[in-house]
């Protein structure tokens, strides 16, 4: 199955050091509202190795899609690596899938094509995600299955 079949363009992600401060600034500048969560996958892997981590994520809906702010929270992840090497800024674009099977099929297709999975995490029955490193044009693509988000921990804007 092609990677984009049954996928929607869910969000574009900006990696930041201080999620709430950035959300406050962008809420005013862009006239958006940010919903914030702490995400702690039960199973976490970085470059194929177990590596427990959590992160803060904030979403602001813009039309049919979302902007995402993301910041590392605990543990070691690709977010820490990216901030250390490249600093704040664009991190990835996300394709979301309506069911887990479609998401996993897209992941297997990209792996079969030789792309590297640099991070993945999941909590059984609720969500699963992975970041695939696409070497041409040197971007990260997130594949996501999300059953549903709980109410946000905080709202800014």
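Result for the chain in a Gaussian network model with C-alpha springs under 10 Å: among 126, 53, 95, the largest mean-square fluctuation is at 126.
GNM remark for the chain: springs join alpha carbons under 10 Å apart, and the peak mean-square fluctuation among 31, 105, 77 falls on 31. Counting only DSSP beta bridges with both residues in the chain, the antiparallel share comes to about 80 percent. Output the relative contact order of region 36-105, whole-number percent, from Cα pairs under 8 angstrom with separation of 6+ residues. Relative contact order comes out at 22 percent. In the elastic network of the chain, a GNM with C-alpha springs shorter than 10 Å, the most mobile of 86, 107, 147 is 86. Taking each residue as 0.36 nm, the span from residue 33 to residue 124 lengthens on full extension beyond its C-alpha to C-alpha distance by 29.8 nm. For the chain, the fraction of C-alpha pairs farther apart than 28 angstrom is 15 percent.
With helices as the sole contributors, the chain gives -6500 deg cm²/dmol at 222 nm; each DSSP H run of n ≥ 4 counts as -39500 (n - 2.57), and the sum is divided by every residue. Computed extension gain for residue 104 through residue 8, at 0.36 nm per residue and net of the alpha carbon distance, reaches 33.1 nm. Restricting the calculation to Cα atoms, region 71-123 yields a radius of gyration followed by a Dmax of 13.4, 34 Å. To the nearest 10 degrees, how steep is helix 19-30 against the longest Cα principal axis of the chain, on a 0 to 90 scale? Once rounded, one gets 70 degrees.
No lab work stands behind these numbers, since they all come straight from the coordinates. Quick caveat, the model's predicted, so the values are computed rather than measured.
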